[in-house]
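These notes concern the structure reproduced below.
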Amino acid sequence: MSLRYDLHCHSTASDGALNPSELVSRAHEQGVNVLALTDHDTVDGLDEARLRAEYLGIRLINGIELSCTHLNQCLHIVGLNIDPDHPVLREGLAQQQALRDERAKRIAEKLAKKGILGVYEAVLADAGMGEITRTHFADYLLRHAYVSSMQEAFDRYLNKGQAAYVSTTWASLEEVVTWIVDAGGIAVLAHPLRYKLSSKWINRALTVFKASGGQAIEVVNGRSGPEEIRLAQQFAERHQLLASVGSDFHAPDSPYLELGRLADLPPQLIPVWNLFPNQ
Ligand code: AMP
Ligand code: MN
Ligand code: MN
Ligand code: MN
């Protein structure tokens, strides 16, 4: 029997709507056998996720999604099968988390200049113990009717060039890949077609990624159609990278995006889970 994999999703430890237990239960209901929880710049959801995964008998892969800055662009690198307690990774995470908090305060200051007050305190309360992301700001703007959709919150306030955009220099691509590799994990370039960057740019970035120890690329995600899968497959083949699959699930309200609901990997590619240890 072939296993169902989902190697990219979010919980309330970052910008997901479900707590780690709810997320793992939902993945189990959707028939997922192997799940990686990959919250933004934190491993804090993993302990709770593991308890529920063990109870339900599904395999949990320790994961993370790190933001990095490469040539002034923000890229997302997923780490799979990391040791969440590794000191190099922990140190890196503390740095990224401080950047997230600083950025959140500055976003709130920009919103305050537009007459939208008190947002830092609100998103801090909303994020609880979790990392604050732009999703929290978008949620706030939507809940308080400053916008009528999440997309509009990003388009009008949070994206580059908009009123509340704050440019952040995350750790470099080389650094985040090194943290993952040091922590015993596999580095995966997440959603390569979502950056709106040229193939030439991505190819150059992949050369740096690979030279730093990166091993895989997300070829299938919850939103990819056949054309995107084909393009991602070309990146994988050209750079001889293993292929990963992940929904990037955040919340149950998105009708077409579900945990474990993913197209098959092109058969020519080598799946990243070939590197997972046997259980
Ligand atoms: P951050 O890492 O804090 O900059 O937040 C980025 C997160 O915002 C992404 O991981 C997505 O979950 C979310 N996001 C980005 N753009 C959009 C969008 N247009 N609509 C909804 N969510 C978005
Ligand atoms: Mn997110
Ligand atoms: Mn991402
Ligand atoms: Mn993600």
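Just to be sure I understand the rule: take each whole DSSP H helix in the chain, project its Cα atoms onto its long axis, keep it if the span is 27 Å or more and its mean Kyte-Doolittle hydropathy is at least -1.0. Which ones pass? Long hydrophobic helices here: 87-113. Note on Glu102 and His144: their simple-model spin labels are 2.5 nm apart, each label 7 Å out from Cα toward Cβ. Within the accessible surface of region 83-230, defined with a 1.4 Å probe on protein heavy atoms only, the carbon and sulfur portion equals 51 percent. For region 171-235, the solvent-accessible area with a 1.4 angstrom probe is 42 square angstrom per residue. Per residue, the accessible area of region 1-132 comes to 44 Å² when a 1.4 Å probe rolls over the protein heavy atoms. Measuring from a point 7 Å past the Cα of Glu227 along Cα-to-C-beta, which residues in region 132-167 have an amide N at less than 12 Å? Inside the label zone: nothing.
When Cys74, Cys9 are compared by accessible area at a 1.4 angstrom probe, the order from most to least is Cys74, Cys9.
Take the Cβ-Cβ distance between Asp155 and Glu237 as r, set R0 to 25 Å, and report the resulting FRET efficiency rounded to the nearest 0.05. Result of the calculation: an efficiency of 0.15. Lysine pairs in the chain whose alpha-carbon atoms fall under 15 angstrom of each other, counting only those eight or more residues apart or on distinct chains, come to 4. Put simply, when 186-195, 234-243 are sorted by average Cβ atoms within 10 angstrom per residue, most first, you get 186-195, 234-243.
Remark: the Cα gyration tensor places region 61-100 in the oblate category, a/c being 1.5 or greater and a/b not exceeding b/c.
The values are calculated or read from the model by the stated rules, or taken from the named source; none is laboratory data. For clarity, every value in this text was computed on a predicted model and none was experimentally measured. Methodologically, a virtual Cβ is constructed for each residue, glycine included, from the backbone with ideal geometry; neighbour enumeration extends over all protein chains shown. Calculation scope for accessible area: heavy atoms of the full protein, side chains included, ligands and nucleic acids excluded. Shrake-Rupley method; radii C 1.70, N 1.55, O 1.52, S 1.80 Å.
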